[in-house]
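All remarks here apply to the structure that follows.
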Amino acid sequence: MELKITNCNNFFKIKGILDKKSISLFEEEFNNIFDRMDNLKVSIEAVDSMDRHGIMALTRLHEEALMRNKKLSIIGYGCKNLLAEFKATAAA
């Protein structure tokens with residue numbers, strides 16, 4: 001399934017596969033997002049699978065939120081690798 005990103009106000013739903021092939025769509029949608037929003041919610045509940053490129057894209061979004069002192073909420077189970085990446089970042 002291809003990647004689809006829908007949004008309403010500051011709530012974004014990501015559906016499909018977040019991988020190397022679809023990462024450009026993700027990056028295009030969230031490029032400079034914190035210039036326009038202070039509070040962002042992203043649902044990954046409907047993400048079927050995510051490779052390391054998808055994990056790194058979400059990690060970069062998270063790091064940008066921290067650097068700019070913005071609020072980012074990622075909603076959904078995602079995958080164990082994503083959770084491990086965020087735990088490693090928090091520990092460092």
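The values are calculated or read from the model by the stated rules, or taken from the named source; none is laboratory data. Treat the numbers as computed from the prediction; the structure is a model and nothing was measured. In this analysis, Cβ positions are derived from the backbone assuming ideal geometry, glycine residues included, and neighbour counts consider all displayed protein chains.
Observations on the structure shown:
- Residue that is surrounded by the fewest Cβ atoms within 10 Å (Cβ to Cβ) [pool: residues in the range 66-92 that are closer than 16 Å to Ile14 by Cβ and at pLDDT 65 or above]: Tyr77
- Scanning the range 33-49 for residues that are of a type outside the set (Lys, Arg) and part of a helix (DSSP H, G or I), we see that the one that is surrounded by the fewest Cβ atoms within 10 Å (Cβ to Cβ) is Asp35.
- His53 vs. criteria touching a Lys or Arg at 6+ places or on another chain (Cβ under 7 Å), assigned to a helix (DSSP H, G or I) and modelled with pLDDT under 95: yes
- Qualifying positions in the range 1-32 - in contact with a strand residue (DSSP E or B) (Cβ under 6 Å, 6 or more places away or on another chain), without any contact (Cβ under 8 Å) to a residue 24 or more places away in the chain and either charged (D, E, K, R) or part of a helix (DSSP H, G or I) (or both): Glu2, Lys4
- Scanning the range 56-69 for residues that are under 8 Å from the mean Cα position of the chain (by Cα) and either outside any helix (DSSP H, G or I) or β-branched (Val, Ile, Thr) (or both) turns up just one, Thr59.
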